[in-house]
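The values are calculated or read from the model by the stated rules, or taken from the named source; none is laboratory data. Note that this is a predicted model, so its numbers are computed, not measured. Here the Cβ positions follow ideal geometry from the backbone for every residue, glycine too, while neighbour counts run over all protein chains shown. What goes into the accessible areas is simple: the full protein's heavy atoms, side chains included, and nothing from ligands, DNA or RNA. Shrake-Rupley method; radii C 1.70, N 1.55, O 1.52, S 1.80 Å.
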Amino acid sequence: MDYKILATKYGTPLYIYDFDYIKSRYLALKNAFSARKSLVCFAVKANSNLSVLKFLANLGSGFDCVSIGEVRRALLAGANAYKIIFSGVGKKDEELKEALQNNILMINLESPAEMLRLENIAKELKKQARISIRVNPNVDAKTHPYISTGLNENKFGVEISEAKKMYLYAKKSEWLQPYGIHFHIGSQLTELAPIIEAANIVSNIMSELKALEIDIKFFDVGGGIGVIYENENEISLYDYAQGILGALKGQDVTVICEPGRFLTANAGVFLTKVLYQKLNSKKRFVIVDGAMNDLIRPSLYNAHHGISVVSKQNGEISNENSVQNLNEISKADVVGPICESSDFLAKNVDLPELKNGDLLLVKSAGAYGFSMSSNYNSRLRCAEVALENGTDRLIRRRESFEYLIALEREFI
């Protein structure tokens, strides 16, 4: 792919997504569960672009949504309502009402208080609510603490004893229908053992519920399958699927998994242009037009994203970063224009001498990149481009200043 042409055509900074890669990842995960009933629900929070969602919906994907806005996006993109799950800790009454009215697959409950609110709303609408309960199995996911969600100290889910009480209550309720059971212990998981441990715990709970004539139809294992950003190991999809199916011990349920970054992280790159180099007595800085408002993961998590220089000769990525003589390669921080010391895309990365107009490619940026972007410093969010079957197309225009101030202008 000639990134130099894309930079000229669409400008920088720019997000670029390889839809063919997304398709291959989706099919690989779906096929791993081919022996059993399964539903792959893309975690919309990872990448909520409507064209991405439409592409996945056309493949048969379901969607895991954590706001009513994400539910609306999925429906607008053509998703089957019966393949949409509404999750999240803090759902408002009006959000629960709208989800019920849209007849989505199920609402994933996070607390007894939320269950009682949903029951009241369902009663008002005279519409039974299909529910799942997020069980916290208290399993250490062995990931970054900001994306660990399966321990009792985390805000997500309910403890096992509380979950059982909630299911018993729902069974007796005229307006609640127990439909699924759910767990999600964290994101960017690179070890299989914690996932299988959690699956066994929750499968045993499901077996106990079925003995009480609570008919669970969906076993939702959440998402979190890790990807390679630097030198991580990816979990074998075969071992992942077999481990989960083994934990079910023959129970007749549909397995749901909710991948986000697994499908899109390494499908996406972030293209940014060099503005200047800056040297002081201790540091070299490469200042680019992309910033933490565009890609916050390095600042927020100290996350690693590989950086490559786009070759001047043919627009391809040069493994040797041969913009200048290789002897001139040195350590540099790649930083943006935002007025914060935390505004960086990479630190202490080996780069050749660079000048205004050179292009850098930030890798593995297709998940939690644009979806976490902001207008901090009144910066305009960048454009997004899709690559499919060798062609490129715009899937989100670059924002304008008029768009940025549209909701404020009438009040001055």
The condition of being part of a loop (DSSP other than H, G, I, E, B), more than 20 Å from ILE16 (Cα to Cα) and open to solvent by 60 Å² or more (accessible area, probe 1.4 Å) holds, among ASN377, ASN356, ASN348, only for ASN356
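Residue by residue through region 64-96, note down the ones that are at pLDDT below 95 and either in contact with a strand residue (DSSP E or B) (Cβ under 7 Å, 6 or more places away or on another chain) or buried (at least 19 other Cβ atoms within 10 Å of the Cβ) (or both). Give the steps one after another, and end with the answer.
Taking region 64-96 and keeping what is at pLDDT below 95, we get 88-90.
The answer is GLY88, and nothing else.
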Among ILE235, ILE216, ILE201, the single one that is part of a loop (DSSP other than H, G, I, E, B), in contact (Cβ under 8 Å) with a residue 12 or more places away in the chain and open to solvent by 10 Å² or more (accessible area, probe 1.4 Å) is ILE235
Taking region 281-297 and keeping only residues that are open to solvent by less than 10 Å² (accessible area, probe 1.4 Å) and over 15 Å from SER342 (Cβ atoms), one is left with VAL286, VAL288
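Residues in region 1-50 that are of a type in the set (Asp, Glu) and either open to solvent by less than 10 Å² (accessible area, probe 1.4 Å) or in a loop (DSSP other than H, G, I, E, B) (or both): how many?
Residues in region 1-50 being of a type in the set (Asp, Glu) and either open to solvent by less than 10 Å² (accessible area, probe 1.4 Å) or in a loop (DSSP other than H, G, I, E, B) (or both): 1 in total.
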Restricting region 380-400 to residues that are outside any loop (DSSP other than H, G, I, E, B) and open to solvent by 20 Å² or more (accessible area, probe 1.4 Å), the one nearest to ASP18 (Cα to Cα) turns out to be LEU387
Scanning region 24-79 for residues that are out of contact with any Lys or Arg (no Cβ under 6 Å at 6 or more places or on another chain), closer than 22 Å to VAL385 by Cβ, of a type in the set (Ser, Thr, Tyr) and touching a residue at least 12 places away in the same chain (Cβ under 8 Å) gives TYR26, SER51, SER61
